[in-house]
Protein chains: 2
Amino acid sequence: MSTRLKRLFPILDWAPRYTRGEAVNDLFAAVIVTIMLVPQSLAYAMLAGLPPVVGLYASILPLIAYAVFGTSRTLAVGPVAVVSLMTAAALAPIAAQGTAAYLAAAVTLAFLSGLILVVMAMLRLGFLANFLSHPVISGFITASGILIAASQLKHILGIHAEGDTLPRIIEGILGRITATNIFTLLIGVSSVGFLFWVRKRLKPRLVAFGLRPRLADLLAKAGPLAAILVSILLVAAFGLDRQGVKIVGEIPAGLPPFAWPVFDGELWVQLLPAALLISLVGFVESVSVAQTLAAKRRQRIEANQELVGLGTSNIAAALSGGYPVTGGFARSVVNFDAGAETPLAGAITAIGILAATLFLTPLFRLLPQAVLAATIIVAVLSLVDLKAIRRTFTYSKADFAAMAVTILLVLLVGVEAGIVAGVALSLLLFLWRTSTPHMAIVGQVPGTEHFRNVDRHAVVTDPRILSLRVDESLYFANARALEDRIYAEAAARPALRHVILMCPAVNLIDASALESLEAIADRLHAAGVGFHLSEVKGPVMDALKRSDFFEHFKGHVFLSQFEAVRLLASETGAAAIAANGASVAPACHRLAQPLSAGIVTPGAG
Amino acid sequence: MSTRLKRLFPILDWAPRYTRGEAVNDLFAAVIVTIMLVPQSLAYAMLAGLPPVVGLYASILPLIAYAVFGTSRTLAVGPVAVVSLMTAAALAPIAAQGTAAYLAAAVTLAFLSGLILVVMAMLRLGFLANFLSHPVISGFITASGILIAASQLKHILGIHAEGDTLPRIIEGILGRITATNIFTLLIGVSSVGFLFWVRKRLKPRLVAFGLRPRLADLLAKAGPLAAILVSILLVAAFGLDRQGVKIVGEIPAGLPPFAWPVFDGELWVQLLPAALLISLVGFVESVSVAQTLAAKRRQRIEANQELVGLGTSNIAAALSGGYPVTGGFARSVVNFDAGAETPLAGAITAIGILAATLFLTPLFRLLPQAVLAATIIVAVLSLVDLKAIRRTFTYSKADFAAMAVTILLVLLVGVEAGIVAGVALSLLLFLWRTSTPHMAIVGQVPGTEHFRNVDRHAVVTDPRILSLRVDESLYFANARALEDRIYAEAAARPALRHVILMCPAVNLIDASALESLEAIADRLHAAGVGFHLSEVKGPVMDALKRSDFFEHFKGHVFLSQFEAVRLLASETGAAAIAANGASVAPACHRLAQPLSAGIVTPGAG
């Protein structure tokens, strides 16, 4: 079988060698994940403003698609909190929740983001995800978690409230708080308390009671399901739905419907920005989880193939009446911990969810919405990472600025505005930082061939020679800063005869910087000052040689700064250099080499 | 007088010491520039879709404002070709040419871009102009020149034609070409030919005839004025305006009117993007010219004060019924060559233009539009620099891509789309280039302390130690690439015990890269491989120390790569390192220092 085929269908890699031992492990993991995924799917669909059954639909076919195309052995795809919130935000301006148009738009959104992911894979654009910086993602997820938790409070209180930003949500809740339903509140608060207790305390306690860890784990993971079953029994026993406790209501049983995205140009254009963001955010979240888990077992994730896996998962979600999905953090960790060995665990989970969809949906009719809200709140609050904010603040003000803007905009304006502003700001800040590069005037450490910053070390300098080290690639954003600095330094040194630009940290010289170097050389030359380069890296030198730079350049290119200063100092000392530079032979890299034979340039090559 | 005041009003620097010699030079330069500026002002106003007199208005007060606030001694501001084209593009969707609303919007546009420039000065945002890379500006100006020249062809042919993109312009001209007016065509073609001849040949010929260069220069610069006067005489003598030759028509004589921008929120929002682009492009063009000229006389340009100078010039243009202005290349060079010594030359030019506005406008009634079009064509074709395209292509495909996209979009879609796409693409390409950093596995050059790329040099490596040099700052866009590379290299080396990341070219480690380094350290550590850093720069080390990185980091930070390999090789050789890294003392920068006493790290500090 060709490697190419195996790369496109990772299933071909593991399926032929599937063992009975792996099957047992996969089956056990699938059972646990199914138990966890059923309530989550219902809850996240509600968060996305969709009927709960849509969450189940989104947890069947996408899992099969990922099992075929994904490269992670243990990633569990399906509806997740952040993407559900983004879906709700994307669909809000398009249709009202509960309408057929809203549902159709959700399906189209899933199809569109699947398409985007597959196209990104074909164009090998997986690297685009790298532009979402860590602080921006971390801030985005923290803020989304807070926003989601706040938005679920109304279900805990049993009131109606609108609002998609934190101030509006709070305002909405405060305005209706007197309408709180006491039964709903009791169910909601005790569910939240119970679920937190299960998450933090149950497993160690069960293990202390002597249960095998694996069984303890299974029981702990069944916590949400237990809360659901108990609450359904309570509602049924006391007729709480007639006391104002809002329930999920009738869920249609049966196979997922075959759905088809709406092919409406205007709708696609409207959904495109949101689909793009959902694709990128989903991809980043998913790949991070997959890589973390793969590294633990020394497996590898192919970012571009992951795009195919997630893309087909979303297209599968669309075709079976679901909504956008991605690899979830919590469920993947559960899958991994429970011992899943191959993507077949995902496929078995899909069968489990299908069974639930076919046979268990009547059971969920009396399920209080407050319990689903409690499930969501407990899940998303674990995403909130306030320590990361503090850590980022200490390490880098620029990173913190990007994070803070992301958090504030997500909370105050919306998820899309938050992530777009965060990405734009982090890019701008990076460009701004590189646009004011660190430059150091360097001098010789006495008795050595090394040159160091004059401000940090006791070094020797020659008033006729200025050695400037630039600690950044030279490109359009910082080329002018370099020019300004050199002119300013030159103007302040009447005795100056030579400027040497030391380039060990210059990894790139773009066309704009090349023009600046030419301008610097011309202007210094006109003022009777020589301009030279030293310690230019191999790839940078290769690029310079491709240009016509050396046709005009009258200076030397020295392999080492030591050689540069030694030669120029002796020359300048022996005879004053002619103003037109005639006494300096037109030099190129090759010419300078014999002068420095035996000198190995640190950092070059 | 305080330096601060002098910095805000550069006029205070030169005016008190103004000499008679400077006055003579300034006067002579002002006469030449006035002769050149009168026809250009009329022509560029026509290009912007405005009545010709608006071009004159824009050449009076703005020059005075720049003389007071500008830092260049020789920059000549006023209407320029590219900004006129951008003005026409900005106003097209807002009002029809020739209406009062169009004129009012032009005034508002000038006011708005003046305001933007002044605000940018206050926020010290002059560095934003650096984001316009050389290839993008060069491509933009070349494409604008082609577009402008094509748009003027209709005046040469004497036909009506619409269109603001190259295909539309060509289509429009071809559709009406049978309506060509033969008299207009004769005047137009002979004007273009005459002006090209004047520009290229006249001055050397006059000098060869024995004229003094300065007088020859004056005569050559008067070429456009001569073409104008001759054509007016021809029209008057043969009544060509009754033969279908389109003339400029009545120009109101008198002082520039006092105008006031329209304070209409919706209009401002509509004009804002265009005003922003006009401000940036105008600023970049102007500063480039000013810096080139200032360098020749060893004067200095303050970019932020230039923002004030151009900003007040544009506000002055708005208040006197003009439209956006900036420092022009051709006229500034003329001003400089003619010997202008202070901004007073600009102020005298303003008086000259004012005189023309007051007394000469009746003269221009019979001026054929074809002659103005010829003036524009000859001026803008000198902006077209096809060699730069070729040069950029040879040097860097990425820079060429940004340039090509700018040119194509300007020609095919519009000036604004072109420059926005060019800037966005050049930023993305820079990020993409730094997102796939150059990394080299290095080995020791035998008999030295230096480490070089194993692919380029004959070096010695130890199978238990991987030395990887990364030639780029580490930040969010390339952090994942680093992780991937290290995991891949580690997976391919079963005997590996230590990875040393050599950082002499790392100028920045942002929060995302920091997390990646932590992840790399954790994963390698879990696999029984040590992870170390070497040759970390001072500022980067300072930042790392501010974080909690070293609380978890189990590796060493070595001042030199040589020291790193020497120590780790001897350690690894003596006793197999424990999987938990216990035999390697938790190290920090300070701890590593004694080991390498006497070793000076190149590139660090």
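How large is Rg over Rh for region A:278-427, taking Rg from the Cα atoms and Rh as the Kirkwood inverse mean of 1/r across Cα pairs?
1.01
Would you compute, from DSSP H runs of 4+ residues alone, the mean residue ellipticity of the protein assembly as shown at 222 nm, taking -39500 (n - 2.57) per run and dividing by the full residue count, rounded to the nearest 500?
-19500 deg cm²/dmol
Can you list the HN-Hα couplings for region A:42-55, worked out from phi with the Karplus curve (6.51, -1.76, 1.60; θ = phi - 60°), rounded to whole Hz and with x for Gly and Pro?
4, 5, 5, 4, 4, 4, 7, x, 10, x, x, 5, 4, x
Nothing charged except the Cβ atoms of Lys and Arg (+1) and of Asp and Glu (-1): what's the magnitude of the dipole of chain B about its Cα centre? Round to the nearest 20 debye.
1840 debye
Once the dipole of chain A is set up with Lys and Arg at +1 and Asp and Glu at -1 on Cβ about the Cα centre, which of A:504, A:113, A:218 lies farthest towards its positive end?
A:218
Starting from the exponent 0.38 and prefactor 2.2 Å, build the expected Rg for region A:27-427 from its residue count and divide its actual Cα Rg by it.
That ratio works out to 0.93.
Mean separation of Cα pairs under 8 Å and 6+ residues apart, divided by the residue count of region A:27-427: what relative contact order is that in percent?
39 percent
Placing +1 on the Cβ of each Lys and Arg and -1 on the Cβ of each Asp and Glu in region A:439-595, which of A:476, A:540, A:459 has its Cα farthest towards the positive end of the resulting dipole?
In region A:439-595, that residue is A:459.
Using the C-alpha atoms of region B:425-561, what convex hull volume per residue, in cubic angstrom, is computed?
111 Å³
Ordered shortest first, which distances in nm separate the 7 Å Cα→C-beta label point of residue B:167 from those of the other copies?
4.7
Compute the distance in nm between two label points, each set 7 Å from the Cα along the Cα-to-Cβ direction, one at residue A:233 and one at residue B:455.
6.6 nm
Give the value in nm², to one decimal: projected area of the alpha carbon convex hull of region B:114-193, averaged over all directions.
Averaged projected area of region B:114-193's Cα convex hull equals 7.8 nm².
Simple spin-label model, 7 Å along Cα-to-Cβ: residue A:495 to residue B:208 in nm?
Placing both labels 7 Å along Cα→Cβ, they lie 5.2 nm apart.
Pull out a ≥ b ≥ c, the square roots of the eigenvalues of the alpha-carbon gyration tensor of the protein assembly as shown, then state rounded if a/c is under 1.5, prolate if not and a/b is larger than b/c, and oblate in the remaining case.
Here the protein assembly as shown falls in the oblate category.
When A:396, B:133 are ordered from fewest to most other Cβ atoms inside 10 Å of their Cβ, what list results?
In order of increasing Cβ crowding within 10 Å: A:396, B:133.
Run the label-point distances for residue B:182 please: 7 Å along Cα to Cβ, every other copy, nanometres, shortest first.
10.3
Whole-Hz ³J(HN,Hα) for each residue in region B:381-395, computed from phi via Karplus 6.51 cos²θ - 1.76 cosθ + 1.60 with θ = phi - 60°, x for glycine and proline: what do you get?
3J(HN,Hα) across region B:381-395, in whole Hz: 5, 6, 7, 6, 10, 6, 4, 4, 5, 4, 4, 5, 4, 5, 6.
Under a Cβ-only charge scheme (Lys and Arg +1, Asp and Glu -1), can you give me the dipole magnitude of region A:439-595 about the Cα centre, in debye to the nearest 20?
Around 300 debye, computed over region A:439-595.
How many angstrom lie between the C-alpha centres of region B:250-298 and region B:1-76?
If you average the Cα positions of each part, the centres end up 14 Å apart.
Do the alpha carbons of any pairs in A:537/B:397; A:221/A:246; A:397/B:397 sit beyond 27 Å of each other, and which pairs?
A:397/B:397
From the label point of residue A:125, set 7 Å from Cα along Cα→Cβ, how far away are the matching label points in the other copies, in nm, ordered shortest to longest?
2.8
If you take the Cα atoms of region A:1-74, find Rg, then find the Kirkwood Rh from the mean of 1/r over all pairs, what is Rg/Rh?
Taking Rh as the inverse mean 1/r over Cα pairs, Rg/Rh reads 1.09.
Take the eigenvalues of the Cα gyration tensor for region A:374-441, scale each by 5, and report the square roots as semi-axes in whole Å, largest first.
One finds semi-axes of 30, 15, 7 Å for region A:374-441.
Count the DSSP beta bridges whose two residues both fall in chain B, then state the antiparallel fraction as a percent rounded to the nearest 5.
For chain B, the DSSP antiparallel bridge percentage is about 45.
Sorting check: for B:342-354, B:246-258, which peptide has the highest mean count of neighbouring beta carbons within 10 Å, and how do the rest follow?
Highest mean packing first, the order is B:342-354, B:246-258.
Considering only A:402, A:80, A:29, whose Cα is most displaced toward the positive end of the charge dipole of region A:27-427, charges sitting on Cβ of Lys, Arg (+1) and Asp, Glu (-1)?
Of the candidates, A:29 comes out farthest on the positive side.
Taking a cut-off of 20 Å between Cα atoms, list the aspartates and glutamates near residue A:200, but don't count ones fewer than 8 places away on the same chain.
Of all the aspartates and glutamates, those that pass the test against residue A:200 - Cα under 20 Å, at least 8 places apart if same chain - are A:217, A:337, A:385.
With a point put 7 Å past each Cα toward its Cβ, work out how far residue A:226 is from residue B:180 in nm, to one decimal.
Between residue A:226 and residue B:180, the label points sit 9.2 nm apart.
Report the relative contact order of region B:439-595, percent, no decimals, based on alpha-carbon pairs under 8 angstrom and at least 6 residues apart.
Rounded, it is 21 percent for region B:439-595.
Quick one: which residues, 5 or more positions from residue B:247 or on another chain, have an amide H under 5 Å from its amide H? H modelled 1.01 Å from N in the peptide plane, none for Pro or chain starts.
B:369
Express in whole angstrom the spacing between the alpha-carbon centres of region A:467-485 and region A:327-347.
Each part reduced to its Cα centre gives a spacing of 50 Å.
Calculate the dipole size of the protein assembly as shown relative to its Cα centre from +1 charges on Lys and Arg beta carbons and -1 charges on Asp and Glu beta carbons; express the result in debye to the nearest 20.
1080 debye
Could you list which residues have their amide H under 5 Å from that of residue A:500, counting only those 5 or more apart in sequence or on another chain, with H placed in the peptide plane?
Residues meeting the amide H criterion: A:466, A:467, A:468, A:532.
Values in this text are rule-based calculations from the coordinates and carry no lab data. None of the values given here were measured: they were computed from a predicted structure. All Cβ positions, even for glycine, are placed from backbone atoms using ideal geometry, and neighbour counts span all protein chains on display.
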